[in-house]
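So the structure is just underneath, and the comments pick up after that.
The values are calculated or read from the model by the stated rules, or taken from the named source; none is laboratory data. The structure presented is a predicted model; accordingly, all values stated were derived computationally and were not measured. No Cβ is skipped: glycine too gets one built from the backbone with ideal geometry, and neighbour counts run over all protein chains shown. For the accessible areas, the whole protein counts, side chains as well, though only heavy atoms, and no ligand, DNA or RNA atoms are used. Shrake-Rupley method; radii C 1.70, N 1.55, O 1.52, S 1.80 Å.
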Amino acid sequence: TFLVVGFVYPCWLLGLDPTLQIMVATYGETLSRDHAEKRRQIMESEWYRRIFPQTRISDRGNRLLDFQTTAGGGVKAVSVGGPGTGRGADIIILNDCMKSDEHSSEAARAEVKHWFSSALTSRLNDKTRGAIISIQQRIHEDDLPAHLLEKGFACLNLPAIADTDQEIEVGDGLTYLWKRGELLDPVRFPKEVLDNERLNMGPQDFSAQYLQNPM
């Protein structure tokens, strides 16, 4: 999910509308740089150019963490607490904004939440039509997702193992009945892998990161 939303989804959005201004935030500059390079590779590929012939990366403003399209849109990659949030965006994507090994640090959790509230939310070009999308794993009861829930953000919760029966919207008028006990990704994370992860991580960390239920 992190990979799809982090560097594939912005490319798809720009393919539909090359004037969009998109900002993608991650926990560190190294990850931001890696995602930015993957987005550039996608948009410069032959298959992308064939599918979206109207979307091209401009020679102007084509930097490591920031590129623009010939139509005036583009993607800017930023990191938590770093510079570069002075420019506005139509869509802001938060993609894994805190390292899991920092979950016990109250200062680190507070920094992420303060950065979101003070530096990031004001960057939307249009507060009525703009969107903020956050893709995060739970790491603590007091993490960024908890902060967003308190602010009224809509939440799609997808644990590795479904804890209840629920209907998941997968398209316009389309839903999928996800039954209790069903695995989210039985190919990459079958039951035996999840059982080993539970043993290796311990029940507390496993409940947070895999079941999205921090205790």
For the range 97-205, the accessible surface attributable to carbon and sulfur atoms (probe 1.4 angstrom, ligands and nucleic acids excluded) amounts in percent to 49
Any idea what the relative contact order of the chain is, in percent, if you count C-alpha pairs under 8 Å spaced at least 6 apart?
18
Restricting to the range 7-110, what percent of DSSP beta bridges are antiparallel, rounded to 5?
30
Value of [θ]222 nm, deg cm²/dmol, for the chain, DSSP H segments ≥ 4, -39500 (n - 2.57) each, nearest 500
-8500 deg cm²/dmol
On a full-extension model of 0.36 nm per residue, what is the gain between A71 and V8, subtracting their alpha-carbon distance, rounded to one decimal in nm?
20.7 nm
Between helix 191-201 and the chain: long-axis angle, C-alpha atoms, 0 to 90°, nearest 10
90
How much of the DSSP bridge set in the chain is antiparallel, in percent, rounded to the nearest 5?
40
Checked against the structure, the computed Kirkwood radius over Cα pairs in Å among (1) 23.6; (2) 17.7; (3) 18.7 is the one labelled (3)
Order by protection proxy (mean Cβ within 10 Å, highest first), peptides 191-199, 45-53, 9-17:
9-17, 191-199, 45-53
